[in-house]
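Scroll down for the structure; my scribbles are underneath it.
All of the numbers you see were taken from the coordinates with simple rules; none came from a lab. Owing to the predicted nature of the structure, the values given are computational and were not obtained by experimental measurement. Every residue, glycine among them, receives a Cβ derived from its backbone with ideal geometry; neighbour counts consider all protein chains shown.
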Amino acid sequence: MTPIISPGATIGVLGSGQLGRMFTLAARRLGYHVHVFSPSKNTPAGQLADLEIQAPYDDFEAIESFARHVDVVTIEFENVNVEAIEVIQRFVPVRPGCRVLRTTQRRDNEKAFLAGIGVPVAPYASIRNLAELQSTSPELFPGILKTAGWGYDGKGQVRLSSIADAQLGWRSLGVQAAVLEKLIDFALEFSVIVARGANGEMAHYDPILNRHENHILSVSVSPSGLTLKIVKEAVEIAHSIAEQLDVVGVLCVEFFLTKDARVIVNELAPRPHNSGHLTIEAHATCQFEQQVRAVCGLPLGSTAQLRPAAMANLLGDLWMDGEPRWEVMHLMKNVKVHLYGKSEWREGRKMGHLTAQAESATAAEELVSIARQSLVSRRNESCPSPGLVDAEGSIILRGQA
Ligand SMILES: Nc1ncnc2c1ncn2[C@@H]1O[C@H](COP(=O)(O)OP(=O)(O)O)[C@@H](O)[C@H]1O
Ligand SMILES: [Mg+2]
């Protein structure tokens, strides 16, 4: 039996963005202390943590001192150098551990691992130079060339229509290693989030439907409306990956569903995931509390969904014409607003999210979309009307008036 790290102990977190912020909230609610470590200061997680340490991930002295003052370490950002994890492991457990990070930090390693355990992935090739790209199978075009490391929110990706685009695509990526993946003409995207404890106990959330815009997650919806057969297949795949990677913590498996109903794994994230933010309101135990429970050796919580829900990301673009219209929040009685405390907006930067709950997934998705639209600044000429409003001043759905 793995010993329990009891409330009152201190959890160290590598990375300090919004995932760390929501983790910190869950950890503190359970009575833990949190120290966050990242190269930045005044960060979304650091603002709420007991201690914010600002140092590069390869400052091993700072890493050692961080490790000496915590009882266990987890990550909210998987691109931490594995050497830092090895230093920390001399003092306290790191969950998830080195093997998980080594595999998921690089797309080529991740794809090889997935293909190796028999999980369906998009046809792909590892590419190390232009010549390799130019001599790769024509079957992989049209395709997406993705950097092997450090990609997120569609960054480090370029679409290649044919082999004729190879030279321009390789140069624009400007990296030493990449993966060329065949473009999947998918019907939809979804994710399965699974938590796994140090004793192997697992608990998954039912699939969450994801809609992307410009390669960035825009809206997530649960329940997904997928057939039981597809749900069963995806959940089995997610469990098998968590087990074979020996994840302790939370793992998100991103899937494509093809038009002929095949399930394909897109990528893994060994941590809570943007698509799971709706679990904060909509599920008995949210993904962040599950991470706390898993890394501290506590039994996992129930993943039962309480009500249909939808989440919409608030990207920096919403700030482009000035502050969002916070005054319309009085219309959002059934919409929860989460902001990450980021002082600077940038196009595509995740600044916050909204979660709506309703009678059905469709209604929740419509409500959250209207709510997000209604926040668009007045100065924007194309500002849409905030939608319909009921007697109590809440946004109500079209067709229900
Ligand atoms: N092989 C592919 N075929 C079709 N669409 C893809 C493919 N790979 C990525 N995409 C699109 O780009 C999005 C982001 O790509 P992903 O590999 O998940 O990288 P990121 O790390 O940026 O999330 C996906 O969610 C999907 O919408
Ligand atoms: Mg992704």
Which whole-number percent is the relative contact order of the range 123-182 (Cα, under 8 Å, 6+ apart)? 51 percent
Please get the size of the charge dipole for the range 86-150, origin at its Cα centre, with Cβ charges of +1 on Lys and Arg and -1 on Asp and Glu, quoted in debye to the nearest 20. 320 debye
Using alpha carbon coordinates only, what is the Rg to Rh ratio of the range 1-54, with Rh defined as the Kirkwood radius? 1.00
If the chain between ALA112 and HIS330 were fully stretched, how many nm would it gain, using 0.36 nm times the residue separation less the Cα-Cα distance? 73.5 nm
Quick check on packing: order 13-21, 195-203 by the mean number of other C-beta atoms within 10 Å, highest mean leading. 13-21, 195-203
Sequence neighbours fewer than 8 away in the same chain don't count; with that in mind, list the lysines whose C-alpha is under 24 Å from LYS182. LYS111, LYS146, LYS155, LYS259
Which value, in debye to the nearest 20, describes the size of the charge dipole of the range 218-347 about its Cα centre when Lys and Arg Cβ atoms bear +1, Asp and Glu Cβ atoms bear -1, and nothing else is charged? 380 debye
Is there a quick way to get the dipole size of the chain? I mean about its Cα centre, with the Cβ of Lys and Arg at +1 and of Asp and Glu at -1; what is the value in debye to the nearest 20? 100 debye
If you project the alpha carbons of the chain onto their three principal axes, what span does each projection cover, largest first, in Å? 59, 58, 43
